[in-house]
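Below is one structure, written out as structure tokens; comments come after it.
The values are calculated or read from the model by the stated rules, or taken from the named source; none is laboratory data. Small disclaimer: the values here were computed from a predicted structure and weren't measured. Quick reminder, even Gly has a Cβ in these numbers, built from the backbone with ideal geometry, and neighbours come from all protein chains shown.
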Amino acid sequence: MLYGSTVVVIITLVMLLIVLYNFLNCDFLKINKEWIRDRLFDLNLPVVKYRRLRGDMIEVFKIIHNIYDATVSPHLPFNTRAYTRGNS
């Protein structure tokens, strides 16, 4: 059996959750993607896709050149064949 103060606490928590849900779904928090693209262009900054790709390439470079500790960096298998194409 629930006591009166417990019911009040539950109702208060539910009301707070409803207010939080409505706040997070309001329009001023939704950012227009076109606005972001225009802003990045105006500031001469690359898009996120390019920055992630560049970051991945930098990490692979660091792993290949043993900049990271070998015990914590992943092992990347290399092609041990002397040829890469059919040309001789």
*Of the numbered conditions (1) at pLDDT below 75; (2) of a type in the set (Lys, Arg); (3) surrounded by 10 or more Cβ atoms within 10 Å (Cβ to Cβ), Lys33 fails exactly one; give the number of that condition.*
(3)
*In this structure, does Thr71 turn out to be outside any helix (DSSP H, G or I) and more than 26 Å from the chain's Cα centre (by Cα)?*
no
